[in-house]
Structure formats: C-alpha cells, structure tokens
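The structure appears right after this line, and notes come after that.
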There are 6 protein chains.
Amino acid sequence: MLLTRKIEFSASHTCWNPALSEAENQAAYGADANRHGHGHNYSLEVTLEGEPDAVTGMVVDLKAVKAILEREVMEPMDHRHLNLEVPPFDRVVPTTENLAVEIWRRLEGQFGAGPAKLRAVRLYETEDLFVEYEGR
Amino acid sequence: MLLTRKIEFSASHTCWNPALSEAENQAAYGADANRHGHGHNYSLEVTLEGEPDAVTGMVVDLKAVKAILEREVMEPMDHRHLNLEVPPFDRVVPTTENLAVEIWRRLEGQFGAGPAKLRAVRLYETEDLFVEYEGR
Amino acid sequence: MLLTRKIEFSASHTCWNPALSEAENQAAYGADANRHGHGHNYSLEVTLEGEPDAVTGMVVDLKAVKAILEREVMEPMDHRHLNLEVPPFDRVVPTTENLAVEIWRRLEGQFGAGPAKLRAVRLYETEDLFVEYEGR
Amino acid sequence: MLLTRKIEFSASHTCWNPALSEAENQAAYGADANRHGHGHNYSLEVTLEGEPDAVTGMVVDLKAVKAILEREVMEPMDHRHLNLEVPPFDRVVPTTENLAVEIWRRLEGQFGAGPAKLRAVRLYETEDLFVEYEGR
Amino acid sequence: MLLTRKIEFSASHTCWNPALSEAENQAAYGADANRHGHGHNYSLEVTLEGEPDAVTGMVVDLKAVKAILEREVMEPMDHRHLNLEVPPFDRVVPTTENLAVEIWRRLEGQFGAGPAKLRAVRLYETEDLFVEYEGR
Amino acid sequence: MLLTRKIEFSASHTCWNPALSEAENQAAYGADANRHGHGHNYSLEVTLEGEPDAVTGMVVDLKAVKAILEREVMEPMDHRHLNLEVPPFDRVVPTTENLAVEIWRRLEGQFGAGPAKLRAVRLYETEDLFVEYEGR
C-alpha cells in the first residue's frame with residue numbers, strides 16, 4: 001500500500017551554470033537564468049510504501065513523518081534562496097529535477113529502518129510542471 | 001489503458017482501538033482518537049484497466065461504473081458514521097488505509113467478469129493525505 | 001483593502017431539530033438528518049479590512065491572526081463532533097449557515113481593537129456549497 | 001526520472017458511431033450521443049522519462065516540449081470540433097480513450113530521438129474522469 | 001447571508017455574429033469564431049441571499065435549489081450545442097457574458113417568492129476567465 | 001457586469017524594512033524577513049466592470065486585456081526578484097498588500113478610456129492568503 005503526504009514550501013532559485021556562457025545559460029534556462037532569481041510555491045508529495053499495522057491499521061506514524069519532513073525539507077528550504085542557503089545548490093543548479101533528487105537523498109535514510117519505505121517524491125514547481133523521482 | 005472515475009462522500013469516523021489503552025490510542029492516533037468522532041469529505045479515485053472496445057471506443061460502460069459506485073460506496077458510506085453504521089468498522093479501526101482496503105474488497109468482485117478490471121483505489125482523506133491500494 | 005486567510009478543519013455534525021418530527025427532520029435535512037452524524041473537511045476564509053501600515057506595509061500581523069484562528073476555531077472545532085462538543089450546537093442545529101454565524105460571533109470581538117476589522121467569513125462545507133456572512 | 005507537463009485545450013465532440021443504431025448509440029454514450037455535440041476543457045498531462053543532463057540538470061528542453069505540444073495538440077485541437085475538424089475523428093469516435101490514443105500517436109515519434117522518451121499521456125475530460133495511456 | 005451552490009455543465013458554442021464580416025468576427029472573437037464550435041466545462045456559482053430560518057437554520061431548501069438548477073440550466077444546457085439547441089443563442093452570440101445574463105434571466109423568477117432571493121451568478125468558462133452578473 | 005481574468009507569475013521577494021532594526025524586522029515579518037529572499041507563484045485576478053457590447057456581446061476585448069497584463073505585470077514581474085528589479089520595491093517593502101497596490105497603480109490608467117473600468121485586483125501569495133484592492 002502507498003501512503004502520500006503533501007507539503008508546500010516557498011523558495012527562490014536561479015538556474016545558472018557557471019560552466020556555461022551567458023548565451024548557453026539563456027539557451028538552456030530562458031527566464032529561469034535571471035541571476036537575481038525568482039521563486040515558487042513548491043508542492044511536494046512524499047510517497048511511502050508499507051503494510052498497515054495489524055493493531056493500529058496505519059502504514060506509518062504520521063506524526064513521525066511530519067517531524068521528518070519538517071526537519072529535512074521545511075526547516076532548511078522553506079523561505080530560503082536555494083542557491084545561496086541550501087547546499088548543494090551553491091554548486092548544483094537547482095532545477096526541479098535536481099531539487100527532487102536532493103529531497104530524495106535527504107529523506108531516503110530517514111525511512112530506512114521504519115515499517116514504511118520511501119517509494120517516490122513528486123515535486124511540483126507550478127501546477128503545470130512536476131517531476132517524479134524514485135531513487136534511480 | 002487506465003480509466004479513473006472520481007467520487008466524493010462525507011463521513012464521520014473515530015480512530016480508537018479497544019485493544020489499546022487510552023494513552024496508546026492517543027499516541028497512535030492523536031486528535032483522530034477523539035471518541036465523539038470527526039469527519040471528512042473523502043475523495044475516491046477508482047482506476048480500471050482494460051482495452052477500448054473496437055465498436056464503442058470505451059474501456060467500460062460509465063453508467064454501469066456509476067451504478068456500482070453508488071451501490072457499493074455512496075449508499076452505504078455517504079453521510080454515515082463509519083464506526084457505527086458501516087461494517088466491518090464496528091470492529092476494524094477506520095483509518096484511511098483500512099477504508100481503502102474495504103472499498104477495494106467491495107469493488108473487486110464487481111468488475112471481475114467485465115471487460116475492465118479493478119486496478120487501484122486512491123482515497124484522499126484531505127488534500128494533503130491519501131493512500132493507494134492495488135489489492136496487495 | 002481586504003486580506004483573507006484560509007484555514008481548514010475536520011468535524012462531524014448532524015442536522016436534527018428536536019422540535020421537529022422525524023418526518024419533518026427528514027424533509028428539512030435529508031441525509032444530513034442521519035442521527036449518527038457525518039463529517040466534512042470545512043474550509044474557512046476569514047476576511048479582514050484595513051489599511052496597510054505605513055512602516056510594515058501590512059494590514060495586520062499574520063502571526064496574531066493565526067493565533068486567534070487557532071484559539072477560536074481550530075482548538076474548539078477541529079477533529080470534534082459539533083453537536084456533542086461545541087456549544088451552542090448542543091441546542092442549535094449546526095447547519096453551514098449557523099456554523100458561519102457562530103464563527104463570526106467568536107471572531108468579531110477579537111479584531112475589534114486592532115487595525116483590521118472583521119469583514120466577512122466564508123465557510124465551505126464542500127467545494128460545491130458555501131455561505132458568506134458579514135455579521136448581519 | 002519522470003517529468004510531466006500539463007496543458008489545457010477546449011474542444012467539441014459528439015460520441016456517435018454510424019455503425020450503431022440510434023438506440024445503440026444512446027445506450028452506449030447517453031447524453032454524449034447528442035448529434036450537435038458538446039464540449040470540454042480538456043486537461044492533458046504529458047509524461048516524459050529520462051535522466052537529468054549532467055550539465056544543465058534538466059531531463060529535457062522545456063521550450064522544445066512546448067513547441068511540440070503546440071504543434072501536435074494545441075494547433076490542431078484547441079478551439080476545434082474534433083469530429084468535424086480533427087482526423088481521424090471524422091471516422092473514429094472521439095471518446096476520451098480514443099483521444100488519448102491519438103495524442104499518444106502524434107507525440108510518440110516527436111520524442112523518439114531525444115534524451116527523454118514519451119512515457120504516458122493522461123487526459124482529463126472533466127475533473128472526475130480521466131484516462132491514462134502508455135502506448136499499449 | 002449569502003449561500004452559493006456550484007454546478008458544472010459541458011456545452012459547445014461558437015462566437016460568430018452574422019451582422020459582422022468574416023474579418024470583423026475574427027477580430028472580435030479570435031479562435032472562438034471557429035464556425036464548427038468548440039466547448040467548455042462551464043462552472044456556475046449561483047448565489048442566493050436570505051436569512052437562516054429560525055427553525056431549520058437554513059437559508060433555503062437545497063433540494064428545491066437543486067431541482068431549479070436541474071430544470072433551468074442542466075436539462076436545457078448540459079451536453080448541448082448552445083447556438084444550435086438553446087434559445088436565444090440561435091440569434092444571440094453565446095459569449096460568457098451573454099450566457100450569464102441568460103442564466104440569470106432563467107433563474108431570477110424561480111426564487112422570487114421564496115425566502116431567498118437570487119443575488120448573483122458567476123460563470124467560469126475556464127479556470128482563468130469568469131464573469132459575475134447581478135441582474136444589472 | 002464583472003469580468004475577471006486570472007494570470008500567474010513567479011517572483012522572489014524579501015520583506016525587510018531598513019528603517020527597522022533586525023529584531024523589529026523579525027517581529028514584523030518572521031521568516032519573510034530572510035534577507036536572501038524566497039519566492040512564490042503569485043496568482044492575480046484582475047476584475048473589470050462594464051456592459052456587454054450590443055454587437056459583440058463582450059464586456060472587453062480579451063486580446064487587449066492580455067496585452068496590457070503582459071506589458072504591465074508579466075514582463076516586469078515574472079521571473080524577477082521584486083526588491084532588486086521591480087521599482088518601487090527597491091524602497092517599498094513588497095508585502096502582498098503593497099504588491100497589490102502597485103499592480104492596481106500600473107493597471108488603472110490602462111483601462112481608463114475603454115468600455116470597461118478596473119474594479120479590483122485580487123492577489124494570492126499562496127492558496128491560503130490573498131488580498132483584494134479596489135483603489136482605496
């Protein structure tokens with residue numbers, strides 16, 4: 001069974017790769033390459049997989065999930081400028097794709113020993129664009 | 001091909017396991033353990049799998065799907081108190097997980113002989129929490 | 001200028017007036033008259049009116065608004081059975097209309113001395129039904 | 001990794017198969033069989049699969065995706081009557097299922113040589129009914 | 001107090017005024033002028049104004065509202081081509097504006113004698129475009 | 001009659017008033033005071049008031065509205081850092097309130113001579129917080 005918790009956070013980012021020229025950055029990222037950055041209300045769906053516990057009927061303790069998401073995502077990323085405040089985005093371009101990979105990396109170990117395993121993260125940059133990552 | 005129909009129903013529930021102590025129930029369910037119950041506008045997505053019929057171009061007769069969902073979900077569960085009126089929730093804790101399993105159990109046999117098979121049920125308790133069950 | 005904050009809470013209710021007969025209750029409330037109750041994810045929009053402060057550029061301190069809504073709405077009503085746990089709904093039928101009036105009554109005095117005044121409460125019982133109340 | 005782009009288009013259609021009798025069309029399609037047609041705001045989610053590029057951190061050039069969707073879906077289908085203006089729906093019944101298959105067919109070749117491959121199309125006829133097609 | 005009920009219907013229309021030239025129609029309506037028509041999932045919010053009844057706590061009998069909307073809007077307009085099947089749109093251009101006026105005209109008399117009066121109709125053609133009409 | 005067009009734009013901002021101390025800024029703006037800034041997908045509803053034209057049935061030419069919103073809002077604000085790139089936010093704190101006032105100021109003159117007048121701007125910072133401004 002899959003259980004999904006959704007949270008939202010607001011952050012700034014700019015998509016600019018110093019290994020590329022100005023023109024190459026513009027070609028790759030368009031308006032996202034604006035060096036001053038811009039921002040989004042990111043919406044994150046974290047999907048866990050497990051069996052409902054025979055006694056509680058729950059796949060996972062939702063209070064524990066909330067604490068993990070608070071510590072690993074909300075605290076470091078909400079109301080932040082990703083490039084300036086959230087490693088590794090000082091050196092990795094914070095595209096939606098790379099941000100999903102980083103969130104997976106932060107969360108994966110947190111659920112390793114529990115009854116539910118991390119199955120997927122789905123990250124919406126806007127309502128019209130989202131990525132889904134399952135660790136590979 | 002997958003076809004999904006979404007319906008909504010309003011129900012009350014309380015999450016309380018008599019095999020657990022008051023403290024254990026509070027620890028497991030938090031505010032959900034309030035004995036008086038509380039309620040949700042549940043949103044249910046029922047996903048069927050099949051091939052479009054060569055003549056009609058339809059995977060399934062939507063009027064038949066509506067009749068099944070009406071009989072198996074809406075009639076017994078909408079505007080009900082799950083613990084008090086909807087077996088097996090007189091003895092099974094109506095967590096979102098257990099409710100999805102019960103809905104699967106009620107629907108599975110209904111689509112067995114038809115051109116489309118039940119593939120998944122996705123149940124939203126709120127916009128921010130949902131489970132998905134595929135029968136195992 | 002109007003500023004609106006939206007919150008959500010889950011509650012049970014039943015619409016049943018002891019001054020009416022069984023048949024009259026059924027006629028007035030339909031499925032809502034089920035004595036065991038049912039529930040909703042209520043969505044509440046609280047609208048305040050005021051001028052942006054010349055220094056902060058804000059109509060109101062949002063942290064104070066959050067504290068008021070937490071104390072006056074979330075704490076007493078979220079995860080509750082309105083008829084059984086939230087006066088005056090032990091004697092007043094908790095229709096969406098009456099619930100909006102009660103929320104207005106609880107909030108009105110809280111904003112009386114502040115820079116922003118309560119202008120309206122809009123309460124959604126479902127996505128398809130909502131009421132708006134401005135204190136008269 | 002999966003990346004999904006969502007677009008919307010407005011179109012008319014009627015579900016009527018000339019190989020069926022009037023009664024059979026009514027039985028199969030109900031109100032959808034109205035010969036004058038009716039319409040929808042279709043919502044289309046196009047899902048691509050690929051690896052983020054090591055330099056750009058992007059699975060695919062979103063400007064190229066937009067151009068493909070503009071040319072293959074928006075230009076031929078938006079603000080059109082599917083049966084009258086969009087082959088093969090002059091001879092194929094434009095059910096949601098058949099429309100998803102046709103959109104897949106139009107898009108599949110467009111992504112064949114690129115770094116990202118077409119993985120799925122999900123087509124919403126309304127918020128309550130959608131199909132998903134993965135090419136088989 | 002205001003009470004709003006929301007319904008949805010699917011219809012086709014074309015915006016074309018025979019009193020205008022082809023070029024003038026294109027200038028006025030753009031893609032909407034396609035003679036074959038296109039369609040939308042219209043979303044309609046009907047707002048009534050009244051006082052909650054002292055006994056029932058309700059502004060209006062929702063079952064009666066549903067019956068009126070079914071008879072005056074859903075039955076004549078849902079799954080229809082407005083220009084071809086719904087007078088006066090055989091001679092009046094069915095812009096969102098004119099459609100809202102016609103819906104107001106059909107509904108106004110229905111609520112005249114009741115405890116609640118028609119206050120406004122809000123009609124969404126898409127999520128991004130809506131009109132609101134209050135009878136003048 | 002009111003007609004509303006909705007657009008979305010992504011921007012960064014920080015709420016920090018140099019006339020206030022660090023502690024005062026934290027007290028006023030909380031996490032919004034992070035000097036590196038953060039961002040939002042702003043949703044803007046622009047409401048115009050006018051009569052449907054007797055010939056076209058339209059309150060306003062939507063293509064003209066789109067061009068105005070593109071020039072006055074999207075081009076200067078989308079994918080921008082409001083404090084660094086969008087006057088007067090180099091010296092005015094870009095709270096949601098002040099941003100709505102600035103958008104009103106930019107739009108008001110654009111509709112002065114036309115058949116439709118600017119009636120209101122409603123600006124959502126998130127789904128749960130929005131302001132509405134009518135020019136006073």
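Work through the residues other than B:Glu51 whose Cβ is under 12 Å from its Cβ and net out their charges, Lys, Arg +1 and Asp, Glu -1.
Values: positive: B:Lys117, D:Arg136; negative: B:Glu49, B:Asp53, D:Glu97.
Spelling it out: positives minus negatives among the neighbours equals -1.
For A:Glu8 and F:Gln110, what does the FRET efficiency come to when R0 = 30 Å and r is the distance between their Cβ atoms, rounded to the nearest 0.05?
On the way: r = 33 Å, r/R0 = 1.10.
After rounding, the FRET efficiency stands at 0.35.
Here the 3J(HN,Hα) profile of region F:114-123, calculated from phi with Karplus coefficients 6.51, -1.76 and 1.60 at θ = phi - 60°, is x, x, 10, 9, 5, 10, 7, 10, 10, 10 Hz, Gly and Pro shown as x. Each copy carries a label point for F:Arg105 at 7 Å from Cα along the beta-carbon vector; from one copy to the others these points are 4.4, 4.4, 4.4, 5.7, 6.4 nm apart, nearest first.
Given the C-alpha atoms of the protein assembly as shown, compute the convex hull and give its volume per residue in Å³. Present the calculation step by step, with values, prior to reporting the outcome.
Values: hull volume 144.9 nm³, N = 816.
Taking the convex hull of the Cα positions in the protein assembly as shown, it is 178 Å³ per residue.
Distant-in-sequence amide contacts of A:His81, defined by a placed amide H-H separation under 5 Å and a gap of 5 or more residues or a different chain, comprise A:Ser12.
Within region F:97-131, which GluC sites (Glu not before Pro) sit in a loop by DSSP and count at most 13 neighbouring Cβ atoms inside 10 Å?
Numbers: sites: F:Glu97, F:Glu102, F:Glu108, F:Glu125, F:Glu127; in loops: F:Glu127.
The qualifying sites are F:Glu127.
Distances between placed amide hydrogens fall under 5 Å for F:Arg119 paired with F:Thr47, F:Leu48, F:Glu49, all partners being 5 or more residues away or on another chain.
Estimated from the Cβ-Cβ distance and a Förster radius of 45 angstrom, the FRET efficiency linking C:Leu84 and D:Asp90 is about 0.15.
Return the average number of partner chain Cβ atoms within 10 angstrom of each residue Cβ along peptide D:3-16.
Working: counts 9, 7, 3, 6, 1, 4, 1, 10, 6, 12, 4, 3, 3, 0.
For this peptide, the per-residue mean of nearby foreign Cβ atoms is 5.
Sorted largest first by accessible area at a 1.4 angstrom probe radius, with every protein chain in place, the residues E:Met74, C:Met77 fall in the order E:Met74, C:Met77. The phi torsions of region B:82-92, fed into the Karplus equation with coefficients 6.51, -1.76 and 1.60 and a -60° offset, translate into couplings of 4, 5, 9, 10, 10, x, x, 7, 6, 10, 10 Hz, rounded to whole numbers, with Gly and Pro shown as x. Across the cross-link table entries C:Lys6/C:Lys117; A:Lys63/C:Lys117; C:Lys117/E:Lys66, which are compared at the Cα atoms, the separations over 25 Å belong to A:Lys63/C:Lys117; C:Lys117/E:Lys66.
Accessible surface buried at the F:E interface totals approximately 1500 Å², computed with a 1.4 Å probe on protein heavy atoms. Residue and distance for the chain A Cβ closest to the axis that moves A onto F, in whole Å, come to A:Gly39, 0.
How big is the Rg/Rh ratio for region E:2-133, C-alpha atoms only, Rh by Kirkwood, two decimals?
Working: Rg = 16.5 Å, Rh = 15.8 Å.
Using Cα coordinates only, the ratio equals 1.04.
Within 10 Å of the Cβ of each residue in E:76-83, the mean number of Cβ atoms contributed by other protein chains is 4.
Each residue of region A:8-19 is assigned a 3J(HN,Hα), and the resulting list reads 10, 9, 10, 8, 9, 7, 9, 9, 8, 10, x, 6 Hz, derived from the Karplus form 6.51 cos²θ - 1.76 cosθ + 1.60 (θ = phi - 60°), x at Gly and Pro. Spatially, region D:72-103 and region C:8-62 are offset by 44 Å when compared through their Cα centroids.
GNM on chain F, alpha-carbon springs under 10 angstrom: the most fluctuating residue among F:Pro87, F:Pro76, F:Pro18 is F:Pro18.
Proximity of backbone amide H atoms, modeled 1.01 Å from N, is registered between A:Asn41 and F:Asn41 at under 5 Å, excluding neighbours fewer than 5 places apart on the same chain.
Accessible surface for the protein assembly as shown, divided over its residues, is 42 Å² per residue with a 1.4 Å probe.
A helix-only calculation puts chain F at -6500 deg cm²/dmol for mean residue ellipticity at 222 nm, using -39500 (n - 2.57) for each DSSP H run of at least four residues, averaged over all residues. Of the residues F:Ala120, F:Ala67, F:Ala19, the one that moves most in a GNM of chain F with alpha-carbon contacts below 10 Å is F:Ala19.
Would you work out the relative contact order for region F:2-133, in percent, from Cα pairs under 8 angstrom that are 6 or more residues apart? If you can, show how the numbers build up before the last one.
Values: 210 pairs, mean separation 41.1, N = 132.
It rounds to 31 percent for region F:2-133.
Placing a label point 7 Å from Cα along the Cα-to-Cβ axis, D:Ala64 is separated from the same position in the other copies by 4.2, 4.4, 4.4, 5.5, 6.3 nm, shortest listed first. Take each residue in C:46-53, count the other chain C-beta atoms within 10 Å of its C-beta, and the mean is 3. Distances between equivalent label points of C:Asp90 across the copies, with each point positioned 7 Å along Cα→Cβ, amount to 2.9, 6.0, 6.4, 6.4, 7.4 nm, shortest listed first.
The values are calculated or read from the model by the stated rules, or taken from the named source; none is laboratory data. Worth saying up front: this structure is predicted, and the values here are computed from it rather than measured. So basically every Cβ, Gly included, is an ideal-geometry build from the backbone, and we count neighbours across all protein chains shown. Surface areas here come from the heavy atoms of the whole protein model, side chains and all, with no ligands, DNA or RNA. Shrake-Rupley method; radii C 1.70, N 1.55, O 1.52, S 1.80 Å.
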